[in-house]
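Student: Below is the structure I would like to discuss, written out as structure tokens.
The values are calculated or read from the model by the stated rules, or taken from the named source; none is laboratory data. Just so you know, these numbers come straight off a predicted model, no measurement behind them. Neighbour counts run over all protein chains shown; Cβ positions are idealised from the backbone, glycine included. We work out accessible area using only protein heavy atoms, side chains counted, and drop any ligands, DNA or RNA first. Shrake-Rupley method; radii C 1.70, N 1.55, O 1.52, S 1.80 Å.
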Amino acid sequence: MKLLATTNGGLESIAAAEICDLVGGDASVHHRGVLEFDADVEDVYELHYRSRTLHRLMAVVADGTVAELEDVYALTARSSIPDRLPNEEFGVVGTRHGSHEFTSVDVAERVGQATIDAYRDATGTRLPVDLDDPTVRLEAYLYDDRFTLAVDLTGESLHKRPYRICEHDAPVRATLAYSMLEIAGWTSDESLVDPMAGSATIPTEAALAATEAVPRPDLDPAFDALPGYDGERFRRLRDDHTEKSPTLDIEAREKRKRWRHCARVNREAAGVEDGFEIVEADARESSIDADCVVSNLPFGIRTGTDLRELYGAFVDRLREGDVGRLVALTTKPNLIPIEPTVRYDIPYGRLDAAIVVWEP
């Protein structure tokens with residue numbers, strides 16, 4: 001089957017590499033933040049309990065070229081959708097990019113009507129509709145003249161890690177934190193420091209990855225309700241997964257007591273109490289010796305922080321220490337007084353941000 005996978009925009013290459021590593025899939029970019037690749041049902045199970053970069057997986061039921069709105073209806077009606085859906089409430093989310101004489105809502109409406117008609121023709125039953133909380137969610141993408149319709153396999157996004165009990169004011173998404181570790185090339189036998197750790201998402205993701213712990217042990221996948229999938233087999237595979245117990249050298253540094261408390265709460269919730277140290281330290285003052293420094297730098301939006309002074313002092317400490325490589329997320333990359341070796345431009349909510357890589 002053909003799958004779509006959503007991930008952090010701008011970091012599709014990181015997610016594609018993970019897909020290849022886990023299931024051997026050769027993923028390409030469908031559009032920003034969405035990958036497409038061939039897979040089977042076992043791959044669906046594997047990715048749902050092992051992926052650390054993906055947000056959602058979807059099975060493609062229609063894919064083709066359209067010239068007008070009624071082509072969306074026709075392509076959906078001709079698809080295998082009656083065989084892919086249960087007799088449960090469904091809803092459609094439409095996404096449209098390009099120049100068209102209709103809206104995303106129009107696309108969703110035509111997909112919905114075609115789905116109802118095709119299912120009724122095939123089974124004699126009218127599918128119920130629930131736009132607020134459907135059992136089955138269809139994603140309809142129209143990019144220029146390419147139309148792709150897929151059924152959601154995941155349900156609640158994989159990025160919503162259950163250990164995130166105590167949230168920082170400006171938390172980094174767990175999948176983004178892990179992607180930064182991948183960009184850094186960090187391995188479990190290397191030392192890692194997050195000098196502005198906040199509630200410790202980056203160190204926690206590092207410890208979980210090093211132990212090969214399941215990122216979403218609580219996931220109740222949407223594919224459980226779909227024909228052709230075995231939810232019990234998925235749960236057995238997840239429950240039988242074996243974790244490792246490496247000795248790690250990871251340090252979460254944070255100057256504020258409030259966030260150090262949050263870091264301890266989240267570390268315990270993740271089950272990695274021995275995975276990293278939580279240390280009181282000011283990034284402007286504390287020297288750093290580490291193979292990898294990976295951090296979500298303060299943006300200064302809510303704190304009123306002088307970012308130029310903070311970033312400058314932080315880089316001075318890096319230069320004074322012994323650091324192998326730095327990977328930092330910021331909305332103000334021009335304020336970091338270094339020349340990055342690699343830069344990834346990414347959306348961060350409504351902000352434009354960048355992940356910069358520096359190797360002294």
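Student: Rounded if a/c is under 1.5, else prolate if a/b beats b/c, else oblate: with a ≥ b ≥ c from the C-alpha gyration tensor eigenvalues square-rooted, which is region 80-168? Walk me through the intermediate numbers first.
Tutor: Details: a/c = 2.45, a/b = 1.29, b/c = 1.91.
Verdict is oblate for region 80-168.
Student: Could you tell me whether region 239-279 comes out rounded, prolate or oblate from its Cα gyration tensor? Rule is a ≥ b ≥ c as square roots of the eigenvalues, rounded for a/c under 1.5, then prolate if a/b exceeds b/c, otherwise oblate. Don't jump to the answer; show the numbers that get you there.
Tutor: Details: a/c = 4.79, a/b = 1.85, b/c = 2.59.
Oblate.
Student: With +1 on the Cβ of every Lys and Arg and -1 on the Cβ of every Asp and Glu, and nothing else charged, how large is the dipole of region 1-73 about its Cα centre, in debye rounded to the nearest 20?
Tutor: Working: 5 positive and 14 negative charges, 83 e Å.
With Lys and Arg at +1 and Asp and Glu at -1, about 400 debye.
Student: Enter the angle in degrees (range 0 to 90, nearest 10) between the Cα long axis of helix 257-270 and the first principal axis of the Cα atoms of the chain, meaning the one along which they spread out most.
Tutor: Taking the Cα atoms of the chain, the angle to 257-270 is about 50 degrees.
Student: So, one more: For the chain, which whole-number percentage of the solvent-accessible area (1.4 Å probe, protein heavy atoms only) is attributable to carbon and sulfur atoms? Don't skip to the end; give the middle numbers.
Tutor: Values: 6750 of 16030 Å².
The C+S portion of the solvent-accessible surface of the chain is 42 percent.
Student: Still on this structure, please answer the following. Looking at region 126-226, which trypsin sites (Lys or Arg not before Pro) are DSSP coil and have at most 13 other C-beta atoms within 10 Å of their C-beta?
Tutor: Values: sites: 126, 137, 146, 160, 164, 173; in loops: 126, 160, 164, 173.
The qualifying sites are 126.
Student: Additional query: Pick from 99, 80, 51 the residue whose mean-square fluctuation is largest in a GNM of the chain, springs joining Cα atoms under 10 Å.
Tutor: 99
Student: Just the accessible area per residue of region 225-276, please: how many Å² with a 1.4 Å probe? Intermediate values should be presented prior to the final figure.
Tutor: Working: 3200 Å² over 52 residues.
Spelled out: the 1.4 Å probe surface of region 225-276, per residue, equals 62 Å².
Student: Also, I was wondering about something else. Could you derive backbone 3J(HN,Hα) for region 273-281 from the dihedral phi with the Karplus parameters 6.51, -1.76 and 1.60 (θ = phi - 60°), listing whole Hz in sequence and x where the residue is Gly or Pro?
Tutor: Couplings: 4, 9, x, 7, 8, 10, 10, 6, 6 Hz.
Student: Using Cα atoms only, what is the angle between the long axis of helix 231-240 and the major principal axis of the chain, expressed in degrees (0 to 90) to the nearest 10?
Tutor: Taking Cα atoms only, the helix is inclined about 20 degrees.
Student: Another question, then. Test of the criteria: in region 1-76, which GluC sites (Glu not before Pro) are in a DSSP loop and have at most 14 other Cβ atoms within 10 angstrom of their Cβ? The partial results should precede the final answer.
Tutor: Numbers: sites: 12, 18, 36, 42, 46, 68, 70; in loops: 68.
Within region 1-76, the qualifying GluC sites (Glu not before Pro) (loop, at most 14 other Cβ atoms within 10 Å) are 68.
Student: Viscosity 0.890 mPa s, temperature 25 °C: give me the Stokes-Einstein translational D for region 229-348 in µm²/s, with Rh taken as the Kirkwood radius over C-alpha pairs.
Tutor: On the way: Rh = 17.1 Å.
The estimated diffusion coefficient comes to 143 µm²/s.
Student: Could you check the simple spin-label distance between residue 100 and residue 352, using points 7 Å along Cα→Cβ, in nm with one decimal?
Tutor: Placing both labels 7 Å along Cα→Cβ, they lie 2.7 nm apart.
Student: In addition: Along the charge dipole of the chain, Cβ charges K/R +1 and D/E -1, which of 103, 295, 159 sits furthest on the positive end?
Tutor: Checking the options against the dipole of the chain, the answer is 295.
Student: Across region 152-168, in residue order, what do the Karplus-derived ³J(HN,Hα) couplings come to in whole Hz, using 6.51 cos²θ - 1.76 cosθ + 1.60 with θ = phi - 60° and x for Gly and Pro?
Tutor: 5, 9, 9, x, 4, 4, 5, 6, 7, 5, x, 6, 6, 8, 10, 9, 6
Student: From the phi angles alone, apply the Karplus equation (6.51, -1.76, 1.60; θ = phi - 60°) to region 35-45 and give each ³J(HN,Hα) in whole Hz, x where the residue is Gly or Pro.
Tutor: Each residue's phi maps through the Karplus curve to give 10, 10, 6, 8, 7, 10, 4, 5, 5, 4, 4 Hz.
Student: According to the square roots a ≥ b ≥ c of the eigenvalues of the Cα gyration tensor, what is the shape class of region 9-148, taking rounded for a/c under 1.5, prolate for a/b larger than b/c otherwise, and oblate for the remainder? Show your work: numbers first, answer last.
Tutor: On the way: a/c = 2.09, a/b = 1.39, b/c = 1.50.
Oblate shape, in that a/c is at least 1.5 and b/c is the bigger or equal ratio.
Student: Also, I was wondering about something else. Where does the chain land on Rg(C-alpha)/(2.2 N^0.38 Å)? Could the numbers behind the result be given before it?
Tutor: On the way: Rg = 22.4 Å, N = 360, 2.2 N^0.38 = 20.6 Å.
With N residues counted in the chain, Rg over 2.2 N^0.38 Å equals 1.09.
Student: Counting other Cβ atoms within 10 Å, which trypsin sites (Lys or Arg not before Pro) in region 220-297 have at most 10 and lie in a DSSP loop?
Tutor: Working: sites: 233, 235, 236, 238, 244, 253, 255, 256, 257, 258, 260, 264, 267, 284; in loops: 244, 255, 256, 284.
Counting only loop positions with at most 10 other Cβ atoms within 10 Å, the trypsin sites (Lys or Arg not before Pro) in region 220-297 are 244.
Student: Label residue 359 and residue 89 with points 7 Å out from Cα along Cα→Cβ: what is the distance between them in nm?
Tutor: Output for this residue pair reads 5.3 nm.
Student: Where nothing but the Cβ of Lys and Arg (+1) and of Asp and Glu (-1) is charged, how large is the charge dipole of the chain around its Cα centre, in debye to the nearest 20?
Tutor: Working: 40 positive and 67 negative charges, 196 e Å.
Using only the charged Cβ atoms, the result is roughly 940 debye.
Student: In addition: Give the long-range amide H neighbours of residue 323: residues separated by 5 or more places, or on another chain, with amide H under 5 Å away, using H modelled in the peptide plane at 1.01 Å from N.
Tutor: Amide H neighbours of residue 323: 290.
Student: Tell me the per residue accessible area of region 116-195 using a 1.4 Å probe; a whole number in Å² is fine.
Tutor: On the way: 3280 Å² over 80 residues.
For region 116-195, the solvent-accessible area averages 41 Å² per residue.
Student: Follow-up. What share of the DSSP beta bridges in the chain is antiparallel, in percent to the nearest 5? Write down the numbers at each step before the final one.
Tutor: Details: 37 of 62 bridges.
For the chain, the DSSP antiparallel bridge percentage is about 60.
Student: Isolated Cys in the chain by the 4.7 Å beta carbon test?
Tutor: That list is 20, 292.
Student: Under 10 Å, Cα contacts only: if you run a Gaussian network model on the chain, which one of 159, 97, 168 comes out with the highest mean-square fluctuation?
Tutor: 97
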